[in-house]
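The values are calculated or read from the model by the stated rules, or taken from the named source; none is laboratory data. These numbers were taken from a predicted model, which means no experiment stands behind them. As a convention, Cβ positions derive from the backbone with ideal geometry for all residues, glycine included, and neighbour counts pool all protein chains shown. Keep in mind that these areas ignore ligands, DNA and RNA; they rest on the heavy atoms of the full protein, side chains included. Shrake-Rupley method; radii C 1.70, N 1.55, O 1.52, S 1.80 Å.
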Amino acid sequence: MRILVSNDDGILAPGIQALARSLATRHEVHVVAPDRERSATGHALTLHKPLRVEKVDLGDLVASAHAVNGTPSDCVKIAVGALLPDMPDLVLSGINRGPNLGTDVIYSGTVSAALEATILGIPAAALSLATFSDIGYEVAAEFALDLADMLGDHRLPPKVLLNVNVPRRETGPVPDVRITRLGDRRYHDSFEPRLDPRGRTYYWLAGEVVENEESPETDVVAIREGFISITPIHHDMTHHASIAMVRSWRDRAGLPGELSPTERN
Ligand code: MN
């Protein structure tokens with residue numbers, strides 16, 4: 001397969017290099033990634049300044065590698081729109097340094113790179129290592145080969161991608177895989193006020209993770225119990241179950257509007 005690899009930790013991060021080198025043993029791998037860390041930039045696009053692209057050498061196995069002064073979403077867009085010779089068969093984003101569980105997927109640049117691929121109609125997955133230590137990408141990189149095979153054999157529905165988290169494991173074997181839903185994992189934010197050298201106050205966002213999750217069906221608990229977690233997610237944010245409820249609110253509020261399709265028949 002022709003696989004595009006991106007991330008949000010930057011092209012020099014050990015996670016993306018482990019992923020690219022592992023995939024390149026069996027596939028044609030092109031890397032297009034931010035030139036610096038762009039974690040937690042979500043789905044931001046660069047519209048008000050030029051995008052600059054630099055070739056990077058990631059070794060003989062990797063077909064091509066480019067660093068971009070943009071966000072993860074920029075990287076996937078420019079890779080497909082300008083840099084790659086042909087459409088990739090698959091986009092893999094990662095391996096992120098740190099988990100992307102629960103609400104993390106909203107902020108994650110790693111997930112956004114994969115989301116951008118699904119918007120462009122390309123099968124994709126985001127891969128994260130659930131530790132902030134820089135050791136142990138090998139097990140996740142090895143698992144990425146199996147994941148690529150699975151996504152080569154089966155077609156994801158439109159707009160759906162896989163969010164994959166791998167627990168910290170320094171050596172093999174690859175842990176068991178649990179298919180999950182997103183769990184409840186948030187941050188208790190705190191803004192620490194400090195003084196700059198000119199005596200003015202500035203703030204630094206900090207805080208701690210709050211995990212109120214006990215269900216074994218969730219990504220949060222799967223990682224806690226040592227499983228690889230795969231959550232199918234989608235970017236159609238419509239909450240279908242609420243459409244009828246909000247329509248009834250509209251009608252009771254006396255707001256003007258058409259009859260629903262079922263009422264019309
Ligand atoms: Mn990151």
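Here are the numbers:
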item	result
Loop trypsin sites (Lys or Arg not before Pro), region 129-222, which have at most 12 other Cβ atoms in a 10 Å radius of their Cβ (DSSP)	ARG155, ARG198, ARG200
Net charge, LEU90 excluded, C-beta distance under 14 Å - Lys, Arg +1, Asp, Glu -1	-4
Length-normalised contact order for the chain - Cα pairs under 8 Å, 6+ apart - percent	17
Hull-based mean projected area of the chain, where the convex hull spans the alpha carbons, in square nanometres	19.9
Neighbour cut-off at most 15 other Cβ (10 Å), DSSP loop, trypsin sites (Lys or Arg not before Pro), region 31-115	ARG36, ARG52
Most positive-pole-ward Cα, PRO50, GLY183, PRO14, against dipole of the chain from beta carbon charges	PRO50
Rounded to the nearest 20 debye, dipole of the chain from Cβ charges on Lys, Arg, Asp, Glu	800
Estimated dipole of region 114-265 in Debye, rounded to 20 [Cβ of Lys and Arg +1, of Asp and Glu -1, Cα centre]	720
Neighbour cut-off at most 15 other Cβ (10 Å), DSSP loop, chymotrypsin sites (Phe, Trp or Tyr not before Pro), region 113-150	PHE132
Selected from CYS75, SER108, SER260, residue furthest toward positive end of dipole (the chain; charges at beta carbon)	SER260
Residue-normalised accessible area of region 47-164, expressed per residue, 1.4 Å probe, Å²	42
Surface accessible to a 1.4 Å probe, HIS188 within the full protein complex, Å²	110
Region 16-108, accessible surface, carbon-and-sulfur percent (1.4 angstrom probe)	50
Surface share of carbon and sulfur [accessible, 1.4 angstrom probe, percent] for region 117-265	55
Antiparallel %, DSSP beta bridges [both residues in the chain], to 5	45
Full-extension gain in nm, MET1 to HIS48, via 0.36 nm per residue minus C-alpha separation	13.5 nm
Magnitude of the charge dipole, region 63-204, Cβ model with Lys/Arg +1 and Asp/Glu -1, debye to 20	580
Region 35-54 versus region 178-238: alpha-carbon centroid distance in Å	22
As computed over region 160-265, the Cα convex hull volume per residue (Å³)	241
Unit Cα scatterers, Debye sum, region 65-164: log10 I(q)/I(0) for q = 0.14, 0.15, 0.17 Å⁻¹	-0.52, -0.60, -0.78
Heavy-atom accessible area per residue - region 179-265, 1.4 Å, Å²	77
Pairwise FRET efficiency - LYS159 versus ARG26, Cβ, R0 = 45 Å, nearest 0.05	0.95
Diffusion constant of region 54-119 at 25 °C, which comes from Stokes-Einstein with the Kirkwood Cα-pair radius and 0.890 mPa s, µm²/s	188
